[in-house]
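Notes follow the structure.
The values are calculated or read from the model by the stated rules, or taken from the named source; none is laboratory data. Keep in mind it's a predicted model, so treat the numbers as computed, not measured. Here the Cβ positions follow ideal geometry from the backbone for every residue, glycine too, while neighbour counts run over all protein chains shown. Heads up: the accessible areas ignore ligands, DNA and RNA and are worked out on the full protein's heavy atoms, side chains in. Shrake-Rupley method; radii C 1.70, N 1.55, O 1.52, S 1.80 Å.
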Amino acid sequence: MREYLLTLCITAAVTYLLTGPVRKFAIVAGAMPEIRARDVHREPTPRLGGIAMFFGLCAGLLVADHLPNLNAVFENSNEPRALLSGAALIWLIGVLDDKFEIDALIKLGGQMIAAGVMVMQGLTILWIPVPGVGTVSLTSGQGTLLTVALVVITINAVNFVDGLDGLAAGMVCIASAASFMYAYRIWYGYGIEAAAPATLFAAILMGMCLGFLPHNMHPARIFMGDSGSMLIGLILAAGAISVTGQVDPAAMKLNFGGTRDATHAMLPVFIPLLMPLTIIAIPFADLVLAIVRRTWNGKSPFAADRGHLHHRLLEIGHSHSRAVLIMYFWSALIAFGTVAYSVHSTSVWILLLIVALSALGLVLLLLPRFTPRTPRWAESFVPPRYRRRRAESAAQEAPTAPLAAPVAPVRELSALKLHGSTAVSERPRVRSHERE
């Protein structure tokens, strides 16, 4: 665990320290696209944050290769090299897209090629455990198709959800944390070495996201762009493929003492690729809804719009920060709830806790629908939106004003230094999403 934490911290530090220089480079290179209709931000913001994240990935892999215990991952498996090859290819495509706006079909082809590169080097799904059937071995063609499909779906799901400051990096960080817990339990807790690469990938991915988030939280100073969103999507998919398609269920039976115990332990991956789909459940749902919505309206599935889940949260009335936190909450509930249920699938308290947290999430979603009255003695402890307006309270306490108030002399108005562009009364603050 100490070596994993060291790898995570170095990856986060390298990503954090390089993001500032990368931001200056993006400004000089002109990687600051104009504001589009679907964008939420109101000022041009540089992209290419994926450059810092990629070098963070390289630093994490380099450090892990020189650590005593993690070095065995590189000696016994070719998966880290396969990940680095596919990540380098998808990163180059993302950098070109951030600068020159590559066509969507070209990006899709590049994603499939990057997935194929990883498959050629051994990072592929070999078998799938199916309930009632057992372990189903896949042919080379079947494993390749399933691996490429999962990589492409995960990359585009993460790319689609990258619409608010800090949203994609935070959600992927939560997903990678859940994946790390699950893979580490299989590797260290039960001595299955095949889960070690997935554990390493999850630790590095957490470091990349944690190092980039301080620069990307609202208001963001830099965006990760497609070079970052596609990169972290590919790493997330690589870890899911490794822990799902490389861990032999027969070894799980030996370590857990029987088929029934192994079934409970392998519950998240019994249905084909259930674990990665639960980890990216929110981005995947957004991806499916976007494709259905655009196809139903007669548009291309790749045509961008303002109908994503985070856009809907803004339309309901949530602020930018609250919308991001709500998406964090649901991602953590689904990912960690699945991991907890895989550990104690027979515990009723796990289900009751998940139901209670789901009810809390629904209340948070409906929060803008009501504005409760707050006693005046408690106004200093609540956000400003729950406080009574001073103007309304002053109007209720003040005596009735005369019908015609005397006009102030010209000298008094000039003393106030008012001009044509100055509002006499305080201008209401309108949120960026409400101005649309």
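Near residue 216, within a Cβ-to-Cβ distance under 14 Å, what is the net charge of the other residues, with Lys and Arg +1 and Asp and Glu -1? Net local charge, residue 216 excluded: +1.
Where the accessible area of the stretch 135-238 is counted over protein heavy atoms with a 1.4 Å probe, how much of it, in %, is carbon and sulfur? The C+S portion of the solvent-accessible surface of the stretch 135-238 is 66 percent. Would you please state the base-10 log of I(q)/I(0) at q = 0.14, 0.19 1/Å for the stretch 74-230, with intensities from the Debye formula using one equal scatterer on every alpha carbon? For the stretch 74-230 at q = 0.14, 0.19 Å⁻¹, log10 I(q)/I(0) is -0.80, -1.35. Decide, for the stretch 1-130, between rounded, prolate and oblate: order the square roots of the alpha carbon gyration tensor eigenvalues as a ≥ b ≥ c, take rounded if a/c falls under 1.5, and otherwise choose prolate if a/b is larger than b/c, else oblate. Because a/c hits 1.5 or more and a/b fails to exceed b/c, the stretch 1-130 counts as oblate.
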